[in-house]
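The next block holds one structure in the form of structure tokens; read it before the comments.
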Amino acid sequence: MGYLSCKAGSAVAIVVSSSASTSGSTVSKASPPESPPEDRPKLRRFLHRDLEAATGGFAINNLLGRGSHGSVYKAVIGSRLVAVKRPSKSREISREFHNEFEILSRIRSPSFVNLLGFSADNARNPLIVVEFMWNGSLYDVIHSESAFNFGAISSWGKRVKIALQIAKAVQLLHSQEPPIIHRDIKSANVLLDKNLNAKLGDFGLAIRCNADDQKVKSTPPAGTMGYLDPDYVTADRLSTKTDVFSFGILLLEIISGRKAIDVRYSPSFIVDWAIPMIKRGKIGGIYDPRIGPPVDVSVRNHLGLVAAKCVRTCRERRPGMEEVVGWLTGLTKSVRSRRWDELGIGNPCMMVETVGRPVE
Ligand SMILES: Nc1ncnc2c1ncn2[C@@H]1O[C@H](COP(=O)(O)OP(=O)(O)OP(=O)(O)O)[C@@H](O)[C@H]1O
């Protein structure tokens with residue numbers, strides 16, 4: 001299957017961040033967001049002072065979280081809850097902040113944390129307003145020590161659904177003309193809405209992969225340590241398969257409940273830990289012990305294999321996102337139904353094993 005590779009000039013530097021709570025931060029001087037042309041999604045223009053008031057003066061109790069290039073605040077506008085993103089107070093405004101605005105002001109989808117509006121009247125302090133995600137980041141849901149929100153990932157049905165929703169979001173980006181490469185797929189950039197639907201956010205590093213574009217040619221590799229494609233070492237190695245690799249890491253994280261890199265374990269890198277087990281046929285060992293492996297053997301084998309294919313070192317051998325979406329769609333049908341999960345009865349197949357007689 002073909003994939004898109006951006007043939008571009010050589011890179012200057014690799015920009016990465018070291019944890020899942022921060023992403024690669026290429027900082028540059030940038031101007032405030034410009035008004036979007038009329039053909040773009042309708043965005044609301046706010047006054048800075050109105051957004052400031054809506055966040056209670058950027059009050060700490062409205063702080064949703066901090067990333068490498070700014071802070072995110074909860075705000076009420078009219079009767080609607082929204083999230084207001086404010087770049088860090090450095091002298092230079094992050095390039096990623098503007099990039100996110102540029103990408104999201106042209107594309108809108110239920111698969112993304114969409115842009116709703118912006119304020120640009122205070123030139124040194126631009127703000128963007130995005131949809132509020134009630135259930136926070138997938139990173140927090142998977143790795144939080146507390147039981148808070150664990151229900152979102154308490155069954156294989158729910159986990160496969162989240163993986164499929166993100167795969168569809170990435171596929172949608174790759175199917176644009178020219179394709180958009182997100183470059184920072186990770187659990188911290190997956191946010192869960194009120195109904196626990198997973199949406200892809202943080203388009204700060206996303207890039208329109210137009211081969212003739214000077215921006216592509218001069219953009220050094222970036223991403224987050226642990227999710228970064230080892231094959232993406234120079235600007236000309238950027239391709240849609242870069243995102244496929246990061247998605248594979250995210251899928252291993254969803255499957256195992258382990259962080260992409262966790263120094264408490266040896267090996268600390270999730271690929272070095274999971275792939276040898278899969279190759280030795282010990283696939284059951286990679287599944288999150290908090291819920292145990294999927295009971296259905298074909299789901300157990302297939303899910304791990306999808307992740308293993310995505311993180312192949314050779315990018316030519318990685319699947320395209322369309323293929324991944326197809327596989328995960330098949331798995332959502334095989335995985336035990338939500339109804340069985342919610343009743344807490346377990347999988348009907350297990351009842352065959354346990355009780356010794358068929359249930360259907
Ligand atoms: N739309 C939103 N709704 C609710 N919470 C959000 C929203 N956007 C971000 N957050 C919260 O704010 C935190 C910081 O988000 P932000 O996108 O700035 O950084 P990050 O993705 O965690 O890290 P980095 O930007 O360094 O990669 C997130 O982890 C999440 O908990």
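The values are calculated or read from the model by the stated rules, or taken from the named source; none is laboratory data. Please read these numbers as outputs of a predicted model, since none were measured by experiment. Don't worry about glycine lacking a Cβ; one is built from the backbone with ideal geometry, like all the others, and counts go over all protein chains shown. Keep in mind that these areas ignore ligands, DNA and RNA; they rest on the heavy atoms of the full protein, side chains included. Shrake-Rupley method; radii C 1.70, N 1.55, O 1.52, S 1.80 Å.
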Exercise. Which condition does F148 not pass, out of (1) open to solvent by less than 50 Å² (accessible area, probe 1.4 Å); (2) at pLDDT below 95; (3) not polar (S, T, N, Q), if it passes all the others?
Worked result: (1)
For this session: Determine which single condition K74 fails, assuming it passes every other condition in (1) open to solvent by 50 Å² or more (accessible area, probe 1.4 Å); (2) in contact (Cβ under 8 Å) with a residue 40 or more places away in the chain; (3) assigned to a helix (DSSP H, G or I).
Result: (3)
Seminar exercise, completed: Note: among K241, K309, just one is open to solvent by 50 Å² or more (accessible area, probe 1.4 Å), at pLDDT 95 or above, in the same structural domain as I142 (by the TED database) and more than 19 Å from K158 (Cα to Cα), namely K309
Seminar exercise, completed: Of the conditions (1) more than 9 Å from the ligand (Cβ to nearest atom); (2) modelled with pLDDT under 85; (3) surrounded by fewer than 19 Cβ atoms within 10 Å (Cβ to Cβ); (4) small (G, A, S), the single one that A8 does not satisfy is (3)
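Being of a type in the set (G, A, S), outside any loop (DSSP other than H, G, I, E, B) and over 27 Å from P178 (Cα atoms), is that true of even one residue in segment 86-104?
Looking through segment 86-104, none of the residues is of a type in the set (G, A, S), outside any loop (DSSP other than H, G, I, E, B) and over 27 Å from P178 (Cα atoms).
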For this session: Would you tally the residues in segment 292-303 being in a loop (DSSP other than H, G, I, E, B) and crowded, with 16+ Cβ neighbours inside 10 Å?
Result: 4
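Looking at the structure I just gave you, is I153 of a type in the set (V, I, T), in contact (Cβ under 8 Å) with a residue 40 or more places away in the chain, closer than 23 Å to P110 by Cα and within 13 Å of the ligand (Cβ to nearest atom)? Please lay out each step first, then the result.
Details: of a type in the set (V, I, T): yes; in contact (Cβ under 8 Å) with a residue 40 or more places away in the chain: yes; closer than 23 Å to P110 by Cα: yes; within 13 Å of the ligand (Cβ to nearest atom): no.
So I153 fails the test.
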Exercise. For segment 93-145, what are the residues that are open to solvent by 20 Å² or more (accessible area, probe 1.4 Å) and of a type in the set (D, E, K, R)?
Worked result: R95, E102, R106, R108, D121, R124, E131, D140, E145
Exercise. Can you name the strands (runs of 3 or more DSSP E) wholly within segment 110-193 that have at least 3 residues being farther than 30 Å from K241 by Cβ?
Worked result: 115-119
Exercise. Would you pick out the residues in segment 48-83 that are away from the ligand (no atom under 15 Å from the Cβ) and touching a strand residue (DSSP E or B) at 6+ places or on another chain (Cβ under 6 Å)?
Worked result: H48
Seminar exercise, completed: Counted residues in segment 184-214 being closer than 15 Å to L115 by Cβ, open to solvent by 10 Å² or more (accessible area, probe 1.4 Å) and more than 8 Å from the ligand (Cβ to nearest atom) come to 1
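Among the residues of segment 44-71 satisfying the criterion of being among the polar types (S, T, N, Q) and without any contact (Cβ under 8 Å) to a residue 40 or more places away in the chain, which is surrounded by the fewest Cβ atoms within 10 Å (Cβ to Cβ)? Spell out how you get there, then give the answer.
Going residue by residue through segment 44-71, those that are among the polar types (S, T, N, Q) are 55, 61-62, 68, 71.
Still in the list and also without any contact (Cβ under 8 Å) to a residue 40 or more places away in the chain: 55, 61-62, 71.
Working: T55: 23, N61: 7, N62: 18, S71: 19.
Checking each candidate, the answer is N61.
Considering D184, D193, which residue is modelled with pLDDT of 95 or more, acidic (D, E) and within 20 Å of Y227 (Cβ to Cβ)?
Details: D193 fails: within 20 Å of Y227 (Cβ to Cβ).
D184 is the lone residue from the list that is modelled with pLDDT of 95 or more, acidic (D, E) and within 20 Å of Y227 (Cβ to Cβ).
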